Structures are given as structure tokens and as C-alpha cells.
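Inspection log for the structure reproduced underneath, given as C-alpha cells.
The values are calculated or read from the model by the stated rules, or taken from the named source; none is laboratory data. In this text the structure is predicted, and so the values were computed from the model without any measurement. Ideal geometry is used to build each Cβ from the backbone, glycine not excepted, and the neighbour counts take in all protein chains shown. With ligands, DNA and RNA removed, areas are computed over all heavy atoms of the protein, side chains included. Shrake-Rupley method; radii C 1.70, N 1.55, O 1.52, S 1.80 Å.
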Amino acid sequence: MHYDFAAIEKKWQDRWEVSKPYAAITGDTTRPKFYGLIEFPYPSAAGLHVGHPRPFTAIDIVSRKKRMNGYNVLFPIGYDAFGLPTENFAIKNHIHPAIVTKDNIANFTRQLKMLGYGFDWDRVVDTTDPKYYKWTQWIFLQMYKKGLAYKTTMPINWCTSCKVGLANEEVVEGKCERCGGEVVRKEKSQWMLAITKYADRLIDDLDDLDYIERVKVQQKNWIGRSYGTDATFKTNTGDDVTVYTTRVDTIFGVTYMVISPEHPLLEKWKDQIGNWDEVAEYRLAASRKSDFERGELNKDKTGVRLEGIEIYNPINGKAIPMFVSDYVLMGYGTGIVMGVPGHDQRDWEFATKFGLPIIEVVKGGDITKEAFVLKDDTGIMVNSEFLNGMTVKDAIPAMRDYAVEHGWGKEKVNFKLRDWVFTRQRYWGEPIPLVDCPKCGWVPLDESELPLLLPNVESYEPTDDGESPLAKMTDWVKTTCPKCGGPANRETDTMPNWAGSCWYYLRYMDPHNDTEFVSKEAEEYWGPVDWYNGGMEHTTLHLLYSRFWHKFLYDIGVVHTKEPYAKRTSHGMILGKNPNYIGNVDTEEEKQALIEKYGSMATRPAVKMSKSLGNVVNPDDVIKAYGADTMRLYIMFIGDFEKTAAWSDEAVKGSKRFLDRCFNLQDMVSDEEGISAANMASVHKTIKKVGSDIDELKMNTAIAALMTLVNEFYAKGLSRGDLEVLIQLLSPFVPHMAEEMWENMGFAAKHGKMAMQMSWPEYDESKTIDAQVEMAVQINGKLRGTVIVPTDSDEATVVAAAMEQERVKKATEGMQVVKTILVKNKLVNLIVKPAK
RNA sequence: GCCGGUGUGGUGGAAUGGUAGACACAGGAGACUUAAAAUCUCCCGGUAGCAAUACCGUACCGGUUCGAGUCCGGUCACCGGCACCA
């Protein structure tokens, strides 16, 4: 029988299109629910990338197995379609972004259907659909009403050459991605979301979640919670200054203070600062630096002393100088830090440059060479009066308590996380449903006015004053205030592309609801998502943002769980062959030439796929040449799911070969129904192995187990019953071929259902055990042979069998066995030493 | 610099502290074929040996253990994230 994958795949996709075997049923209480989720794709003009099928296929397989395990499965798909690439494509080609989006979605849908995914196609969402973004706007309004959305002046990236505002991703190494022009900061009033109010909960609630560890760690580091002390210093200016420090124990080592150039106190102290002109010049220079320049590595510390300003150390009243320096950030802590050059490397560099004293307060380093920064908190305090002799660990709380008691200190928790800049000066995004009224200030639209439709504009080009393209649409901008009825202006900025993806998993539960964003019934039934897989690149963006939104929705009582996703896994990237790899050439000269030209890139056999390298693999081509089932199988077999893997055209053939071998089994079966005696143990073992591997996302070893079983069928022959089980095990991986074989063999008729609708085969533990096992024989821990013995043989039997072997005899000749270690059914280790 | 991860044949990769290299790709040999492709069978870490076999071998050094790719201490390399966060 010939495996005509093209015809087979078309046939079954057409049938599924009509019979909808993947439809999820809300409120089916007869079965437990399983909600599997993959990150919905951004429908780019390039179409599906070969990286997409990896996570999609994996969760498709998990979902299919859950379905066979009796679950009511929700496995949905949609499109995250607002965003910059579409807008730029539209500008370049003079096509409306909505049309571009529609075309791209159609192409993605075609490709996804060709891969045979078990998505519930009746629940597709599209973030650019007004019926969808109505509710994105609605959630934003709820946040606004609860005070979580506020307006503030924030710098945007401004290309001095194109004279447009740029998104962060359009700024590459401080330059404009398009023209290479210099990017500076330009102040603009923007909407912010107060994600920092949720910082503690976003960290603490991670503990109860089944996320892979690196996701948790990365989110925790990103939020960056630190425990410290706010310490207040008196000054000769009339104002007190407060610093934040995690090392209040080092306060005896403070030899100067530093204030950030942006700090408002400087302006206030203008008349008291003796060298104001110099300070003002330094501030101006700092403001001109881009974030990139200012953050550049290992750059020299700069600064100016504030003449006439004295700060008094609260611990001993000592007068210390203050400097302004741009190594202190205005956005973290209080914008002022105490300089402890003995125990902070940055302070050490600054003090060394400006000739400031360096005091050792923790023993153990050589502070004339570098700051002594502790790796642990076991260092001993010195030069610190009542702290002397204490460990740092004890000194921190001791000094903190002292400071609190004496009224100049306060316990303080700080976060690195910043509030979320929620506006973009762009066209292709959700309009913000707020109106600016000269009398009433910012006024939200009435919810009945939603959705606030994105108007059609002639040109989506960003304006040359940094405003959104919508600002040019005066008809749309000019409106009336919902509160007082007077003339008012709409907000013309739009939401960032992350907005729509913050809550899409909720919409899938109830995608056609026009009166609520999700019904209570559907949310309580489907929530939370049981398993969410997505890229590591979204860990501190989409994943964190959507957890934040979900917590907000929980707080206002519209969802019933604290967290959106119970489990999170992440897939590795698919790389392409590196055409410039040094392994591709033979001579040393050629290798050197490649390294000179491409640097360390030339030493990698595989690199990120890109058009310029010509190593992009198009899923369409693979499907055409080998079929979707081969594509699915190969992308799962390629390696450890979490690691990056290199695409190999040769290796794809191996997967195809395996499917050919499976298909050919149809011509080899005996008439015997049920699992054959010859294959009993193998079949049961494989059921067990494939099942547990799918649950653990170890698809590569699951497939290896299936290959092993098929190899055994080739060696020993197989019954109809053996094949019946195999087809069911293959079904989640290669659904088209499985159904074709299932039907061919008459199993569809026999059971009255498709293979995918069968229960997952059960294994019998007792039948996974072979009658005999091969055991390793070791002498003093070294392998000296193997023996075949009855399963569960005792020590005496195994040793006796081992002693029969020539190699063992030889190795134990003239020796006495002093100890025997038996690992049941695995090995026996004889510890011998020379006989007396 | 800090945090996380990884290091195994020619290649992708397997191995709850228990026979390292499962399963594949590539390569080699054979069968079938007029021939090729496809298919089927066998071989395939290194060194020595006709072989039986011996020794070496999971980045490197050391330790724990009857036994270490796996655990512990240290070193190196690479990948990813963060980065003047006080």
C-alpha cells in the first residue's frame, strides 16, 4: 500500500472541517476540562515560520491525548494582529493595515489548517476586530476608573533624522533602525499603567504556579524586589535628604553623597550652590545623552561637587560633601545615594577619581585596590563603633533598628519594575477611549459608546512632531465631553501591541459574547488555563503583563482565579544551518577568512534563520515535499523541547521513512485480534512510555519508543491488535495517517469512531515485565559481561549465572568475593580482593 | 559584573546514582534489481589485536560512592536574560 500523504491529509482535513471533532463544549459537567494554550501568532506577511509548529504541535499532541483521556478539551487559536510590522508594511505598500491583516490571517489560517491542528476553529479571535477590542478598551476603562491608568510625562525615542517617535524595538544600539540616525529622548505626555502596584503579588504568587523555574527566576529578577532602609540626612540647606540603601550597616563608611542630575532639589538649591553654572552645565549635558550613552558599560564616572552644600551623617554628625553625577538614576529609590566607596565598586571608582576618602567598615578586602563587595553576609564589621565585631548579617538589622529608633531611618522595599508606558504614537492599535475636556479634564467614554472605532485615515505615517497619525484627523479628534457636553478632544495615541494579548485567553472561553467580555459561566468552567506554552522572549513582557491584567480582573470580581495560567512551559528556537560556518570549509586559511569576516558567528554550526543568510525553511515547502504528518513528527523528534535545535533537511527524511514503515505495517499484519503474545511486553511498555512522555513534553523520546516498537514489529511480525494499539498511540502525533490506517484496517467500522476519539490505550503494569532480563555483571565496579536470568532472580541465582561466564571466571580467578551488590534486574557488582 | 542554562560519537540527541551512546541522520557492507531509486538485513566512540579481549572515553581538575554523564567543591568555554537598580 502506498502512503499518499497529500491525498490522505486533504481527505481528513476536509472531513474534520465538516465534522468538527475539536469543538469544545462549555459547561459539560460529565467530563473534566482541559484548557491547553499556545501563544497566538502575529500574522506577519511572511507567513508561518518553521518555528511556529514546534510549540503548536507539542500542545496539540498534549490536547489530543487529553481528549483521548476523556477530557473536554479547549485548544483555541487566534491572531494578535495589531502592531508595527503591519503598519510599516501598509505605509510602504499603500494598503490599509486592516486589509493587510485580513490577508495575512487568511494565509496563516490556511497554513495552520494544513498542519492538521486540533484547534476549535469556531472560537478564533482577532485582536483588531472591533468586537474584540471593544473589551480591550472596556478593561482599560475599568483600570482607569480604579486609578491604575494615569498620565505622566515620559521620554519617547525620537529619531533626530526622520523626526518621528520610535518604538523601543525600532531603536538598535541607540540608532534608528531605518535610517541609522541618532535617537534622543523627547518628553511626551503618556498614559501609564500602574503595574508596580502589583509587584509584590506578581512575585509572591509565582510560588503556587507550575511554571518552569527559569521563567519564575526571570520574572523575579525583572521585578527586582529588594529590602533596605530609607535613611534621612540633615543638610545645611534647610531640606533633609533621604537615600535608599540595602546596606545601612555601612553608614560609618559614607564619605560623600550623590544626587541625580534630574533631581528637583537641585533647582530648589540653585541660590545656595556656589558653582551653579557648572552644575547647570553638567545637568544639561546629562539630559542630552541618550539612554544608550548614559547606560554604556564601564564608562568613566563624571560629576560635579555642589559647592556650599553640606550633608550631615546622622550616625555621627560628620559633615560630608555632595556631588551631582549621572551614575545615580532618578527613577530608582530616592534619586540620591550615599557613597560608600569601601564597599561599592561604583562608589569606589567615583571616590578614586575625585580623591575622596575611602573607609573600610567590613574586614576582608583590600580597599586600596577595589571595593570589598561581599558575596555573602558573613563579613565582620570594623570602624563602626557599636557594630564592630558583628557579622554583616547581624549588623544590617541592628543598624536598621537603631535608625528607626532614632527617627532617621525607615524600612523600605524597592522594585526595579517600572510602571508600564501604555501609549504609542501610532495608528494600528486600539484607540484609547478617553476624552480631554478643557473643563472636566480627562473623561472616560461611556461604556455604551464602546467600541471606539479606529477611524480610517489617509496616511499612517507618523507625524513629524511625534504625535500619532490620528492627531491629524480633526473630525475624529474633535468631539464633545461625555460629562459636560462641551467641546473636547479625543486621545489620539493608541494602545501598545501588548494590550490585546493580555486577556485573549479569556475571550476564547466565550468568543461571541456581545454583552460581556466573558460570561461568568464560561470563565468559571474553563479558567484557569491548564497549560500555556510560549517563548522565553515573552517572559517579562506579555506573560507578566497578562498576569497583571488578570489580577486586576480578579480584584474587580470578574474572574475567579488569582492567576491566568496554572502551568507554563517554554520551547527552544529552531535554528537554520549557518552558511558561514567554519566547519563547511577545509583549509585553515578558509577558516581564518570566515572568522575574520563573520567573527564568532562563524564558529556556530547553526544560527537564527534569516532571509539574508538564505537559511529560512518554509513550512509550506516541507509539507509539499513530505506531508504535514512528517513535518509534525520531525519538529517533535528534533530534540529536547526546551533547547534550541537546528533544522536539518536530511533528518526530515528519517521521519518520513518512519511513517512509510508504519504505513507498510498494514500489509504485514496477521489476522489475530488483540495484542500478540510475542509483542505483549513491548506493546504495554510503549503505551506506558509514550503516555508519560507526552505528559512531560518529551516528544522526542516518545517518538523514539514508537520507532523501537515498529522495529520490533518488523523483526517479529505483528497482529491486527498490535497495529490497532500502535495507530492509537500514533494518532496525536500524526493524525492524518493514523485515521487513514484506522479506516483502512476496518477499526473505524469496528468501533464506530475515529482513532482520535478512542480512549487512550491502557497498559497493564504486570504485562510490561519481560520473563527474562539481561543484567550487567561488574567486578569491582567494572563491567565484565552480562547475563540473562529470569526476572526478579535473587542474588544467588544471578551470581551463579555470572560465575558461569568465562570473562567473570577469569576476572575472579584467585580472588575471593568480599561483597556482592545486587540491583534487581539491573546489575550485580562483585567486590573481590586477592585470596589469602 | 550579576542571574539562569548548557557542555556526551562525524551529526541531532538518549540515559529515576546502576551495562554510556537508546532512537535517528550521515557513512559502510550485503540482499533484491539489467541498473538506479525505494525497500529489507547487518556494521558503525577511540587505541591495540586476525580474534577473544584489554585499555581509554560524557569540557577540565579534585572529592563522595561498591559504582558518577548524573551528586559535591573548584576551573574553563559557550548560550540566554539583566545590567551604574545603590
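Tell me, which residue of the stretch A:707-756 that is of a type in the set (F, W, Y) and touching a residue at least 40 places away in the same chain (Cβ under 8 Å) is most open to solvent (accessible area, probe 1.4 Å)?
Taking the stretch A:707-756 as the starting set, the residues that turn out to be of a type in the set (F, W, Y) are A:713-714, A:733, A:742, A:747.
Retained after the next criterion (residues that are touching a residue at least 40 places away in the same chain (Cβ under 8 Å)): A:713-714, A:733.
Working: A:F713: 0, A:Y714: 80, A:F733: 3 Å².
The qualifying residue most open to solvent (accessible area, probe 1.4 Å) is A:Y714.
So, in the stretch A:568-603, of the ones that are among the charged types (D, E, K, R) and at pLDDT 85 or above, which residue ends up farthest from A:A58 (Cα to Cα)? Steps first, answer last, please.
At the first step, the residues of the stretch A:568-603 found to be among the charged types (D, E, K, R) are A:568, A:577, A:586, A:588-591, A:596-597.
Within this subset, residues satisfying the condition of being at pLDDT 85 or above are A:568, A:577.
Values: A:R568: 13, A:K577: 23 Å.
Here the answer is A:K577.
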Legend entry - Test: A:Y581 is among the aromatic types (F, W, Y), in contact with a Pro (Cβ under 6 Å, 6 or more places away or on another chain), over 20 Å from A:W138 (Cα atoms) and surrounded by fewer than 22 Cβ atoms within 10 Å (Cβ to Cβ): yes
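Say whether the condition of being without any contact (Cβ under 8 Å) to a residue 60 or more places away in the chain, assigned to a helix (DSSP H, G or I) and either out of contact with any Phe, Trp or Tyr (no Cβ under 9 Å at 6 or more places or on another chain) or among the hydrophobic types (A, V, I, L, M, F, W, C) (or both) is met by at least one residue in the stretch A:19-39. Spell out how you get there, then give the answer.
Initially, the stretch A:19-39 is screened for residues without any contact (Cβ under 8 Å) to a residue 60 or more places away in the chain, giving A:19, A:25, A:28-32.
Retained after the next criterion (residues that are assigned to a helix (DSSP H, G or I)): A:19.
Subset that is either out of contact with any Phe, Trp or Tyr (no Cβ under 9 Å at 6 or more places or on another chain) or among the hydrophobic types (A, V, I, L, M, F, W, C) (or both): A:19.
For the stretch A:19-39, residues without any contact (Cβ under 8 Å) to a residue 60 or more places away in the chain, assigned to a helix (DSSP H, G or I) and either out of contact with any Phe, Trp or Tyr (no Cβ under 9 Å at 6 or more places or on another chain) or among the hydrophobic types (A, V, I, L, M, F, W, C) (or both): present.
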Inset, instruction - Identify, by number, the condition in (1) open to solvent by 60 Å² or more (accessible area, probe 1.4 Å); (2) over 24 Å from A:I727 (Cα atoms) that A:K20 doesn't meet. - result: (2)
Legend entry - In the stretch A:190-201, residue farthest from A:V413 (Cα to Cα) [restricted to those that are within 16 Å of RNA strand B (Cβ to nearest atom) and open to solvent by 10 Å² or more (accessible area, probe 1.4 Å)]: A:T196
Legend entry - Output for the stretch A:14-55, where each listed residue is closer than 25 Å to A:E740 by Cα and aromatic (F, W, Y): A:W16, A:Y22
Legend entry - Residues that are closer than 23 Å to A:I320 by Cβ, open to solvent by 50 Å² or more (accessible area, probe 1.4 Å) and within 15 Å of RNA strand B (Cβ to nearest atom), drawn from the stretch A:360-373: A:E370, A:V373
Legend entry - In the stretch A:809-833, residue most open to solvent (accessible area, probe 1.4 Å) [restricted to those that are part of a helix (DSSP H, G or I) and near RNA strand B (Cβ under 9 Å from one of its atoms)]: A:K810
Legend entry - Subset of the stretch A:303-326 that is among the polar types (S, T, N, Q) and surrounded by 17 or more Cβ atoms within 10 Å (Cβ to Cβ) - its residue that is farthest from A:K234 (Cα to Cα): A:S325
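Counting only residues that are in a loop (DSSP other than H, G, I, E, B) and among the acidic types (D, E), which one in the stretch A:202-255 is least open to solvent (accessible area, probe 1.4 Å)? Explain how you work it out, then say what you get.
Applying the first criterion (in a loop (DSSP other than H, G, I, E, B)) to the stretch A:202-255 yields A:209, A:212, A:224-225, A:236-240, A:246-247, A:254-255.
Keeping just the survivors that are among the acidic types (D, E) gives A:239-240.
Numbers: A:D239: 29, A:D240: 77 Å².
Only one residue fits best here, namely A:D239.
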Legend entry - the stretch A:429-451: number of residues that are open to solvent by less than 20 Å² (accessible area, probe 1.4 Å) and either of a type in the set (K, R) or closer than 23 Å to A:M154 by Cβ (or both): 9
Inset, instruction - Determine which single condition A:T587 fails, assuming it passes every other condition in (1) open to solvent by less than 80 Å² (accessible area, probe 1.4 Å); (2) farther than 25 Å from A:K113 by Cα; (3) of a type in the set (S, T, N, Q); (4) within 32 Å of the chain's Cα centre (by Cα). - result: (4)
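Per-residue answers, yes or no, for (1) within 16 Å of RNA strand B (Cβ to nearest atom); (2) at positive phi; (3) more than 41 Å from the chain's Cα centre (by Cα):
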site: A:E712; (1), (2), (3): yes, no, no
site: A:G717; (1), (2), (3): yes, yes, yes
site: A:L729; (1), (2), (3): yes, no, no
site: A:F733; (1), (2), (3): yes, no, no
site: A:A738; (1), (2), (3): no, no, no
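Going through A:S692, A:S655 one at a time, which residue ends up being assigned to a helix (DSSP H, G or I) and free of Cβ contacts under 8 Å to residues at least 12 places away in the same chain? Before the answer, list the steps.
On the way: A:S655 fails: free of Cβ contacts under 8 Å to residues at least 12 places away in the same chain.
Unique residue meeting the criteria: A:S692.
If I ask for residues that are out of contact with any strand residue (DSSP E or B) (no Cβ under 9 Å at 6 or more places or on another chain), closer than 13 Å to A:L553 by Cβ and open to solvent by less than 60 Å² (accessible area, probe 1.4 Å), which ones from the stretch A:141-156 would you list? Walk me through how you get there before you give the answer.
If we filter the stretch A:141-156 for residues that are out of contact with any strand residue (DSSP E or B) (no Cβ under 9 Å at 6 or more places or on another chain), which is where we start, we get A:142, A:146-147.
Then keep just the ones that are closer than 13 Å to A:L553 by Cβ; that gives A:142, A:146.
Within the stretch A:141-156, just A:Q142 meets the criteria.
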Inset, instruction - Please go through the stretch A:651-668 and pick out each residue that is within 6 Å of RNA strand B (Cβ to nearest atom) and under 14 Å from A:I727 (Cβ atoms). - result: A:R661
Inset, instruction - Give the number of residues within the stretch A:374-418 that are under 40 Å from the mean Cα position of the chain (by Cα), part of a loop (DSSP other than H, G, I, E, B), surrounded by 19 or more Cβ atoms within 10 Å (Cβ to Cβ) and more than 13 Å from RNA strand B (Cβ to nearest atom). - result: 1
Legend entry - Those residues of the stretch A:695-706 which are open to solvent by 10 Å² or more (accessible area, probe 1.4 Å) and either part of a helix (DSSP H, G or I) or small (G, A, S) (or both), in sequence order: A:D695, A:N700, A:T701, A:A704, A:A705
Inset, instruction - Would you please name the residue that is farthest from A:M495 (Cα to Cα), looking only at residues in the stretch A:90-113 that are open to solvent by 50 Å² or more (accessible area, probe 1.4 Å) and part of a helix (DSSP H, G or I)? - result: A:K113
Inset, instruction - Residue by residue through the stretch A:256-292, note down the ones that are away from RNA strand B (no atom under 13 Å from the Cβ), open to solvent by less than 70 Å² (accessible area, probe 1.4 Å) and in a loop (DSSP other than H, G, I, E, B). - result: A:W269, A:I273, A:G274, A:N275
Inset, instruction - Scan the stretch A:408-421 and give yes if some residue there is closer than 29 Å to A:Q219 by Cα and of a type in the set (D, E), otherwise no. - result: yes
Legend entry - Lone qualifier among A:Y35, A:Y42 - being buried (at least 20 other Cβ atoms within 10 Å of the Cβ) and not acidic (D, E): A:Y35
Inset, instruction - Could you check how many residues of the stretch A:224-267 are under 24 Å from A:A280 (Cα atoms) and not polar (S, T, N, Q)? - result: 18
Legend entry - Count - residues of the stretch A:547-562 that are small (G, A, S) and crowded, with 16+ Cβ neighbours inside 10 Å: 0
Inset, instruction - Might you let me know whether the stretch A:535-543 holds any residue that is over 21 Å from the mean Cα position of the chain (by Cα), open to solvent by less than 20 Å² (accessible area, probe 1.4 Å), modelled with pLDDT of 95 or more and of a type outside the set (K, R)? - result: no
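For residues that are part of a loop (DSSP other than H, G, I, E, B) and in contact with a Lys or Arg (Cβ under 7 Å, 6 or more places away or on another chain), scanning just the stretch A:757-778, find the one that is most open to solvent (accessible area, probe 1.4 Å). Can you show your working first?
Step one: list which residues in the stretch A:757-778 are part of a loop (DSSP other than H, G, I, E, B), which gives A:758-764, A:769-771.
Now drop any that are not in contact with a Lys or Arg (Cβ under 7 Å, 6 or more places away or on another chain), which leaves A:760, A:763.
Numbers: A:W760: 26, A:Y763: 97 Å².
Filtering first and then ranking leaves A:Y763.
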Inset, instruction - Residue by residue through the stretch A:455-470, note down the ones that are closer than 27 Å to A:D129 by Cβ, touching a strand residue (DSSP E or B) at 6+ places or on another chain (Cβ under 9 Å) and open to solvent by 30 Å² or more (accessible area, probe 1.4 Å). - result: A:E461, A:E467
